[in-house]
Amino acid sequence: MAAVLPSGMASGGVSVASLWTEVNRCGQNGDFTRALKAVTKILHENRDDVTALHCKTVCLVQTGSFKEALNVMNTHSKVLGSDVVFEKAYSEYRLNRVESALKTIEAAPEQTDKLKELYGQVLYRLERYDDCKSVYTDLIRNSQDEYEEERKTNLAAVVASMSQWEEAPLEDLGLPESTYELCYNAACALIGQGQLTESFNKLRQAEELCRVSLAEDSDVTEEDIESELAVIHSQMAYVMQLEGRTDEALQLYNQVIKLKPSDVGLLAVTANNIITINNDQNVFDSKKKVKLTNAEGVEYKLARKQLQAIDFNKALLAMYTNQADQCRKLASSLQSQNPGHPRPVLIQVAQLCREKQHSRAIELLQQFSDQHPESASGIKLTMAQLYLIQGNVFNRRCHVTKACDVLRSIEEFKHKSGMISALVTMYAHEEDIDSAIEIFKQAIDHYQSEQPGSAAHLALVREAANFKLKYGRKKEAISDLEQLWKQNPKDIHTLAQLISAYSLVDTDKAKSLSKHLPSADTMALNVDVDELENSIGATYVRKKAAKVTGENPPKEQTQPGEIKKKKKKKKKGKRPKNCDLNATPDLERWLPMKERTYYRGKKKGKKKDQIGKGTQGATAGGAAEDASKTASSPPTSPRPGSASGSSTAATAVPPRQQKPAASGATRKKVPQKKKKGGKGGW
């Protein structure tokens, strides 16, 4: 009989076999923490056990200890070899060492399906979308398992990214829209193509699918559903913002922020979009929101263009908050990171313009234009604008000429209709007609060689001819007018202009061309003038005078269709209040008071002499005496409003009529109170 070796014993008195049983059981239950403890005990007995090292690596990856897993794999690389290629690449990917993960995958001796899956994720993070699309297309075609839907979702995300960040045209890959993730990615792809209405409808559809799918799970709460919908709502708000519905977009963005989603990338994008809506307003809110864009791990969650846009907005926010040094620092950093991008330079120029340093701003633009001519179009447009701004303050003609020179140097826009219009307008404003005509000539020559006879070409010739005629250059306009007339011999207006121009140069030619003009009879319109004038819609109607027979001429009879003028009724004049119609009016009421017969003149010094004389009550007696004298004075002509048969004025005139009964000479003005406010007050 052969002797049997006893099974090994671990240091704790537990056999190695029982430890492996524990590892197997914990692995099946997903308890990788306990499995790791058992594997560690096994490795104490045999530190170079390949199977135990591999199990330890898997347990560390499953528990999220990626750094420790990499240390184990690097330490025992000779023993493990290529058995842990996937675990190593995945650990590097989760530690955001994407380039290292790519090298590990590409160096693998065999490309398994799970390595291809990870390869697609790595390519997506590196924004190599074409290669990533090929990997996922191959995986979907050559594999059939329960992960097919996830692969299609990832492929849809690749197509959406290509549409948004690379402006690639949409390619129909036959992907379904059965889940809310697939529907959401399809909506993102439509946004990249500028189909905003369709994308918004697709996002609505994704929202409904998400609610339905999550409502089937009884453990999912309403808060969980809203948290899952946050990314869809943020994208809907972005579409609203693009459509100009900024108030609705801002409200939806703030709802997403209040949910405090765990995705730092979603929070950063939402906060950035709120900052763009605020612009230079509500700066305090923008300063609070910008902190969300600085969260840890944001740089690994967003695409390069998204991070770039966030950094640009940080620099602009510093400018709006008058942090000039911070703005310059951020713009300089952005320029070093993106040397060929014009936006960092434009931010620096904007800051210099706020500081009224236009000359320094133009120098900066010129320097960038010389170093990066491929990105100089927008820079030169800004430079021309700055020259025009300077022209409003300093030597106008000099700066306008410089602006025109800069615009003429932009080859990309040189022959565009908008650029031609701007240059001609500026030259005409500066009375440089020769330069304006030269602009027309160069543009016409370009279209003559590239698009002869096109609508743009003929429109340009027409504008050039009209411009020359407007500024008295009829001789120079002849060639343009001849070209237009040859294109359309029936154009009478152009022929008339051509004859007018030739009349100054060659009268014989003008006479010969005038033969092509239609006769006056053919140009006359067959219109009955009388019928037109007498029509209902005519604003002017000619009236025909009726014949007069005998001494009493008959009344004018209206013609058919003639509008008879209505006679205005004379309104009766309004009578004054308390007017007595039985009283005879004062015949002298239209004369000045001094010219009336009953005017007695001013009674000077009468009251002045009585002031301060006699005892108390003496004045009252004098006043009674004066009243008796007034009552016994001879009667005068009746006043308007007084009774015709009254003999005593004191009793006959009612209180409201005492004021008009007094003469203008004896009426005294009531002194007005002085207004407060001192001298010079209103």
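For region 9-30, which residues satisfy the criterion of being surrounded by 15 or more Cβ atoms within 10 Å (Cβ to Cβ) and at pLDDT 85 or above?
Residues satisfying the conditions are Leu19, Trp20, Glu22, Val23, Cys26, Gly27.
If the Cβ limit is 9 Å and pairs must be 6+ apart or interchain, which residue in region 18-35 that is without any contact (Cβ under 8 Å) to a residue 40 or more places away in the chain and of a type in the set (A, V, I, L, M, F, W, C) pairs with which residue that is assigned to a helix (DSSP H, G or I) and exposed (fewer than 12 other Cβ atoms within 10 Å of the Cβ)?
Cβ pairs passing all conditions: Cys26/Thr33; Ala35/Asn29.
Of all residues in region 292-307 being over 25 Å from the mean Cα position of the chain (by Cα) and under 13 Å from Leu267 (Cα atoms), which is surrounded by the fewest Cβ atoms within 10 Å (Cβ to Cβ)?
Glu296
Which one of the conditions (1) touching a residue at least 40 places away in the same chain (Cβ under 8 Å); (2) surrounded by fewer than 16 Cβ atoms within 10 Å (Cβ to Cβ); (3) not acidic (Asp, Glu) does Phe467 fail to meet, given that it meets all the rest?
(2)
Take the residues of region 467-503 that are among the polar types (S, T, N, Q) and over 19 Å from Pro518 (Cα atoms): which is farthest from the chain's Cα centre (by Cα)?
Ser479
For region 439-457, give me the residue count where each residue is closer than 10 Å to Gln483 by Cβ and either within 35 Å of the chain's Cα centre (by Cα) or of a type in the set (Lys, Arg) (or both).
The total comes to 1.
Does His446 satisfy the condition of being surrounded by 13 or more Cβ atoms within 10 Å (Cβ to Cβ) and within 30 Å of Leu346 (Cβ to Cβ)?
Yes.
For region 331-387, enumerate the residues that are surrounded by fewer than 18 Cβ atoms within 10 Å (Cβ to Cβ) and either outside any helix (DSSP H, G or I) or β-branched (Val, Ile, Thr) (or both).
Residues satisfying the conditions are Asn338, Pro339, Gly340, His341, Glu355, Lys356, Gln357, His372.
Okay, residues lined up against (1) over 24 Å from Asp432 (Cβ atoms); (2) exposed (fewer than 14 other Cβ atoms within 10 Å of the Cβ); (3) charged (D, E, K, R):
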site	(1), (2), (3)
Glu463	no, no, yes
Gly472	no, yes, no
Ser479	no, no, no
Pro489	yes, yes, no
Leu498	yes, no, no
Ser503	yes, no, no
Leu517	yes, yes, no
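Kindly indicate which of Cys210, Cys188 is touching a residue at least 40 places away in the same chain (Cβ under 8 Å) and part of a helix (DSSP H, G or I).
None of the others qualify; the one that does is Cys188.
Given the residues Ser163, Ser91, which is the only one that is in contact (Cβ under 8 Å) with a residue 12 or more places away in the chain and in contact with a Pro (Cβ under 9 Å, 6 or more places away or on another chain)?
Just one listed residue meets the conditions, Ser163.
Quick one: would you say Gln367 is more than 24 Å from Ala501 (Cα to Cα) and not charged (D, E, K, R)?
Judged against the criteria, Gln367 is a match.
Restrict the check to region 165-181 and report whether at least one residue is within 24 Å of Ala303 (Cβ to Cβ), among the polar types (S, T, N, Q) and part of a helix (DSSP H, G or I).
No.
Quick one: which helices (runs of 4 or more DSSP H) sit completely within region 414-511 and have at least 3 residues that are more than 30 Å from Ala403 (Cα to Cα) and modelled with pLDDT under 85?
Answer list for region 414-511: 474-487, 492-505.
Using beta carbons and a limit of 7 Å, which pairs, at least six apart or on different chains, have the first residue in region 234-250 and charged (D, E, K, R) and the second one crowded, with 18+ Cβ neighbours inside 10 Å?
Glu248/Met240
Counting only residues that are in contact (Cβ under 8 Å) with a residue 40 or more places away in the chain and within 14 Å of Ala350 (Cα to Cα), which one in region 308-330 is surrounded by the fewest Cβ atoms within 10 Å (Cβ to Cβ)?
Of region 308-330, the ones in contact (Cβ under 8 Å) with a residue 40 or more places away in the chain are 310, 313, 317, 320.
Narrowing the set further to residues that are within 14 Å of Ala350 (Cα to Cα) leaves 313, 317, 320.
Working: Asn313: 20, Leu317: 23, Tyr320: 17.
Applying the filter and picking the extreme gives Tyr320.
For region 272-315, which residues satisfy the criterion of being of a type in the set (A, V, I, L, M), in contact with a Phe, Trp or Tyr (Cβ under 8 Å, 6 or more places away or on another chain) and assigned to a helix (DSSP H, G or I)?
Step one: list which residues in region 272-315 are of a type in the set (A, V, I, L, M), which gives 274-275, 277, 283, 290, 292, 295, 298, 302-303, 307, 309-310, 315.
Among the residues that remain, those that are also in contact with a Phe, Trp or Tyr (Cβ under 8 Å, 6 or more places away or on another chain) are: 274, 277, 283, 303.
Passing the criteria: Ile274, Ile277, Val283.
Suppose the filter is within 24 Å of Lys288 (Cα to Cα) and loosely packed, with under 14 Cβ neighbours inside 10 Å; does Ser234 pass it?
no
List the helices (runs of 4 or more DSSP H) inside region 75-162, counting only whole elements, that have at least 3 residues being over 41 Å from the mean Cα position of the chain (by Cα) and surrounded by fewer than 16 Cβ atoms within 10 Å (Cβ to Cβ).
77-80, 129-142
Which members of region 38-74 meet the condition of being free of Cβ contacts under 8 Å to residues at least 24 places away in the same chain, within 19 Å of Ala17 (Cβ to Cβ) and surrounded by 21 or more Cβ atoms within 10 Å (Cβ to Cβ)?
Listed by number, the residues that qualify are Ala38, Val39, Ala52, Lys56.
Looking at region 251-271 only, could you name the residues that are without any contact (Cβ under 8 Å) to a residue 24 or more places away in the chain and closer than 15 Å to Ile232 by Cβ?
Leu252, Gln255
Could you check, for region 274-283, whether at least one of its residues is of a type in the set (S, T, N, Q) and either in contact (Cβ under 8 Å) with a residue 60 or more places away in the chain or more than 30 Å from Gln357 (Cβ to Cβ) (or both)?
no
Sort out which residues of region 46-74 are outside any helix (DSSP H, G or I) and either modelled with pLDDT of 90 or more or closer than 18 Å to Gln28 by Cα (or both), and write them in order of number. Walk me through how you get there before you give the answer.
Filtering region 46-74 down to residues outside any helix (DSSP H, G or I) leaves 46-49, 63-65.
Hits for region 46-74 are Thr63, Gly64, Ser65.
Across region 85-119, what is the number of residues that are touching a Leu at 6+ places or on another chain (Cβ under 8 Å) and under 28 Å from Ala38 (Cβ atoms)?
The total comes to 9.
The values are calculated or read from the model by the stated rules, or taken from the named source; none is laboratory data. Everything numeric in this text was worked out from a predicted model, so none of it was measured. As a convention, Cβ positions derive from the backbone with ideal geometry for all residues, glycine included, and neighbour counts pool all protein chains shown.
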